[in-house]
Amino acid sequence: MTSWKLLLADPKGRVVEHPYLLATLRSDESVLPAHGRPIPLPEGAKLAHLPGRLPVGVDPESGELVLVKELELDGQRFTPHAVGAVMPPGYTRTYLPGEVKADGPVLPQWAYTAAAWGPHGPVVWALHTDRRKHWTPARFSTPEVKKRVKAHRARFPDNRVLTQLETCALVYRCFTSQNVFYARDEAALPVSTMCNAQCLGCISEQPEDGPPASHERQKDGPGVQEIVDVAVWHLEHAPGRTMVSFGQGCEGEPLTRWKVIAEAIRGIRARTQKGSINLNTNASLTQGLTALYDAGLDAIRVSLNSASKELYEAYYQPQRYGWEDVEASIALSRDRGAYLALNLLLFPGVTDRQGEADALVRLVKKYRVDQLQTRPLAIDPAQYIEVARGKGAGGAPIGVAKLLARLQRAAPWLIIGNFARGKGERRRA
């Protein structure tokens, strides 16, 4: 049996392997000895230390779990930090880092993945769930991106869509935003400043006692013509799987501006029939979504963490809508013939509970969902474990790999991956 060594970090964030303890994994509230088949740390992934989280190892002789409160290295004694990995697009984590919360801040909003030191270097517990190459990190943040941003801003001076996207592309290094300036693939169209949910893991707005938001929310919503200009230029000039998408991490909920978006879609389609128009949404306002389909919307990606009302509402904290409205919008999308994807915010040990798996399978089959996009939930694990405790459909975790395999068996037509599909690559239910 392979012995994966426990990784930990010193106070300066330097990652080292423990002299003898073996690695552990976390699934919801359980810390387990490392097992299964990890993969080598992929290109584009990074090891990350978790401040205020104590690593848990396994004594190789007794098999007992050991909480590492102190370690001596190079003559210095210190309290170590647990270590995880942050994965590139295209991967779905199967376990969380084995750690216990001590004194420390709420962790920054990343999707922490279990990591260890294997015989040939660092390994992680994850699946390569989408092997398409157009989201490869090497294609982004290239030396020419600043020049491309400058050139596109010159085409549309004072355009508020591009004002926001410039920050997203150069500061946050958002791939979907950079696509606007590279003129390729799926392009972001942020339009909303407001949201009707208070998601625990929101990346653009956090309470004072929460972690720093990783994005600054758009403050000045663009007008119809600004949206149309950016969208039409992209659809006319981007080759291949061309798509524009409303609803980004740097904005609120796009359906709160459904009237503006509906008018923009009509304006886009009056000038070009190329490509796809997609909406990333919490699917809260069915009336507004109806107007968008009437205007020409052809694809939707509904974000959810659970197909169980209780757990969904505990995380999203919806304002003046509920799970029933989300499901009504999913039903509408199927009735209107849209390409229907679910953006599943996946969390090992919770999403793969037996009852949660049952609920998700029922939802996928009932509405013949076209695609399931697995999206690792970027949140401090302790935060989500706390909110999910005792909520939603119960049962023991079956494992992330088994969850995805079960979904595929139950819905053979279902595309399971991480990236949106353009018009020419959609397999329909």
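A compact table of results
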{"quantity": "Kirkwood Rh, angstrom, segment 5-128 [1 / mean 1/r, Cα pairs]", "calculated": "14.3 Å"}
{"quantity": "Label point distance in nm, Asp294-Glu324, each placed 7 Å from Cα along Cα→Cβ", "calculated": "2.4 nm"}
{"quantity": "Karplus-derived 3J(HN,Hα), 6.51/-1.76/1.60, for each residue of segment 351-366, Hz, glycine and proline x", "calculated": "4, 9, 4, 4, x, 5, 4, 4, 5, 5, 4, 4, 5, 4, 6, 4"}
{"quantity": "Cleavage-rule hits, trypsin sites (Lys or Arg not before Pro), segment 361-405, DSSP coil, Cβ neighbours within 10 Å at most 14", "calculated": "Arg368, Arg389"}
{"quantity": "DSSP bridge pairs, the chain: antiparallel proportion in percent, nearest 5", "calculated": "60 percent"}
{"quantity": "Estimated 222 nm signal from helices in the chain, with DSSP H stretches of n ≥ 4 weighted -39500 (n - 2.57), rounded to 500", "calculated": "-8500 deg cm²/dmol"}
{"quantity": "Note, ³J(HN,Hα) from phi for segment 409-426, Karplus 6.51, -1.76, 1.60, rounded to Hz, x at Gly and Pro", "calculated": "5, 6, 9, x, 6, 5, 7, 10, x, 10, 10, 5, 9, x, 3, x, 10, 9"}
{"quantity": "Per residue convex hull volume, Cα atoms of segment 133-425, in Å³", "calculated": "126 Å³"}
{"quantity": "Karplus-derived HN-Hα couplings along segment 56-62 (A = 6.51, B = -1.76, C = 1.60, θ = phi - 60°), whole Hz, x at Gly and Pro", "calculated": "10, x, 10, 6, x, 8, 8"}
{"quantity": "Per-residue Cβ neighbour rank within 10 angstrom, fewest leading, Thr272, Thr92, Thr242", "calculated": "Thr272, Thr242, Thr92"}
{"quantity": "Lys/Arg +1, Asp/Glu -1 at C-beta; segment 1-127 dipole; positive extreme among Leu50, Gly90, Gly118", "calculated": "Gly90"}
{"quantity": "Per-residue Cβ neighbour rank within 10 angstrom, fewest leading, Val171, Val326", "calculated": "Val171, Val326"}
{"quantity": "Using a Förster distance of 51 Å, the FRET efficiency for Glu236-Asp358 (Cβ separation, nearest 0.05)", "calculated": "0.65"}
{"quantity": "Debye, to nearest 20: dipole size of segment 133-425, +1 on Lys, Arg Cβ, -1 on Asp, Glu Cβ", "calculated": "1040 debye"}
{"quantity": "Cα centre as origin, Lys/Arg/Asp/Glu Cβ charges: segment 1-150 dipole, Debye", "calculated": "1220 debye"}
{"quantity": "Relative contact order (%) - the chain, alpha-carbon pairs under 8 angstrom, separation at least six", "calculated": "14 percent"}
{"quantity": "Modelled FRET efficiency - R0 25 Å, Lys147 with Glu216, Cβ distances, 0.05 increments", "calculated": "0.55"}
{"quantity": "Mean-position separation - Cα centroids, segment 333-410 and segment 262-292, in angstrom", "calculated": "26 Å"}
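Every number in this text was worked out from the coordinates using simple rules, so none of it is lab data. Quick caveat, the model's predicted, so the values are computed rather than measured. Here the Cβ is made from the backbone with ideal geometry for all residues, glycine too, and neighbour counts use every protein chain on show.
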